[in-house]
1. Which of the peptides 229-236, 88-95, 125-132 is most tightly packed, and how do the rest follow, going by the mean number of other Cβ atoms within 10 Å of each residue?
2. Using alpha carbons only, how many angstrom separate the centre of the stretch 168-235 from the centre of the stretch 71-104?
3. Amide H to amide H under 5 Å from F176: which residues, 5+ apart in sequence or cross-chain, H placed 1.01 Å off N in plane?
4. Expressed as cubic angstrom per residue, what is the convex hull volume of the alpha carbon set of the stretch 83-142?
5. Evaluate the Kirkwood expression for the hydrodynamic radius of the stretch 106-249, namely the inverse of the mean inverse distance over all pairs of different C-alpha atoms, and round to one decimal in Å.
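Values quoted throughout were computed directly from the atomic coordinates according to the rules given, and no laboratory measurement underlies them. Quick caveat: nothing in here was measured; it's all calculated off a predicted structure. Note: ideal-geometry Cβ built from the backbone for every residue, glycine included; neighbour counts use all protein chains shown.
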Amino acid sequence: MRQMRRTGRFFAFVRQQDWRIWFGVVVTIIWMTGGIWFVTNAVRSNPEQGVSLGIIGSFLEGAFAPLAFLWLVLGLFIQQSELARNTVALQRTLEQSEKQTQAIAATEMNARQETFFKIAENVNKQLGGISGMLLMSGLGPNGSGQYSREQMDDLFHTASNGDYTIFARQFLTADFLEEGGLGELLYGTEIRHRHTHNFCRTFERLVSLAEGCDVDGIITDTLKQTAFGLLYRRMMDNQPEFSAQAAEET
């Protein structure tokens, strides 16, 4: 059993070696065997002829010179093959590194997106509060009175349950002709102007945060098409000249 294992290991070792090495070994053995045979026959045919060290050195030099050249050439080919294999291995390593880099980048991007959505939840709550205060100031009991105290309480109750865009939708669907138009409702008083400015600044910061974790622009485009995004666009479209100058100074 042990003998079979040793034999199997030997053949496995043989298969792992480069065929050029075995070619060189076989040629060397044949060459040296032929040299020994030649010297033996030469000595037997002329037993009385003396053999000096000079003759032996010349013979060995001539005999081993082809073998040295053979192993030099084989060594060059083997080295070239090793370099080629190393190049392939290096290329595979680079490909794996590139894949790992892409995986790390994707993981980082996913983490940034998860962080954005967590932050966006709080920001949407903040935008809902600002738009609610703006609606209260313009159309509530303290404004034109289009919405009663009970109606405003219902809207705030709906917003507290997670529907933060309820106030923004009111701005997008209601008729403000009696209040002098949407521009007057958003910028007509100092407090309305302040609420509108805070809303725009908060929404712009949210969009900027979305752009930092949105490769294809899907999140940013979706954000701009929400009720908050549409209200922001109307705020910018109805922004009076003095309000624009104040925003730039701020």
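1. So the order, starting with the most tightly packed, is 125-132, 229-236, 88-95.
2. Taking the Cα centre of each part, the stretch 168-235 and the stretch 71-104 sit 57 Å apart.
3. The list, which skips near neighbours in sequence, is empty: none.
4. Convex hull volume per residue, Cα atoms: 57 Å³.
5. Value: 15.9 Å, from the Cα pair sum.
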